[in-house]
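Every number here is computed from the coordinates shown, using simple stated rules; none is lab data. What you see is a predicted model, and the numbers here were worked out from it, not measured in a lab. Virtual Cβ from ideal backbone geometry, glycine too; neighbours counted across all protein chains shown.
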Amino acid sequence: MKKICIFAAVIGVICFVLTNAIGFAVIAWVGFISGAIMHTKAKKHSSEAFFIAAAVLSALPTLYFSLFLLFPMMLPSGVVWKYPFQKAYLSVYGNIKEPEWFPDFTEDVKSDYLFAYMPSLMQGSGYYSVSFKTTPQAAEKYKNEFEPQAAYIFKVDSGYLGEIVSGKLDLKEGETLTVNLEKEFWNNCGPNTKAYVLYDNFNWNHPHSAVVIIDMDSGRIQMVGNG
């Protein structure tokens, strides 16, 4: 029984390191503490050890599945090699996943990588965002891929949308455009930074949008799916 708790704890640690999911850290903590308690009780030959073991073994599966299957929490990450594991982890849920239009970007990341994720909870709409710095050649590749798909193109000035340079935006009363810019990442961005809005439902309460932001001067890129 003690070995099962320790095994669950080790698995929790490994999964936490790979995904940054806090639920696995909780599982690891419970597993290690439970294993330590049972080890101590067993050495004292206390009958309480059997009660504790039964309680823990009953609780661990419930804890594991409740933390793992309900919904993921935020998974901030600045390490690109973790992304495939995080992507696989998030694919388990009926929540926000990697947008289908995302290209395979991991080989293009050179520096300043950030993966930001927020699940859709209650009435709130989450988002899925990846930002990084790449080479000018790769930035040109992204521009050539997404510019023809853009319904609207905006200039970007230090983390804020500027004037529209392509497309006609005619918002009705109560409608709004949703672009989740990583403002710190886009601070002091170049004059050739543009936001390519692929899609937006203009719903301020339940926004759904797809946006790619590219700075051709520095090679900074952000891809974000909202809702």
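Between amide H atoms placed 1.01 Å from N, distances below 5 Å from Asp157 occur with Gly162, all of them 5 or more places distant or on a separate chain. Placing a label point 7 Å from the Cα of Glu184 along the Cα-to-Cβ direction, the residues of region 196-222 whose backbone N falls under 18 Å of that point are 220-222. Of the trypsin sites (Lys or Arg not before Pro) found in region 105-145, those in coil by DSSP whose Cβ has at most 15 other Cβ atoms within 10 Å are Lys110. Length gained on full extension, Phe202 to Glu163, computed as 0.36 nm times the residue gap minus the Cα-Cα distance: 12.3 nm. When the Cα gyration tensor is reduced to axis lengths a ≥ b ≥ c, the ratio a/c is 1.5 or higher for region 73-184, and with a/b not above b/c it is classed as oblate. Note on Ile153/Ser91: beta-carbon distance plugged into 1/(1 + (r/R0)^6) with R0 of 22 Å gives a FRET efficiency of 0.10.
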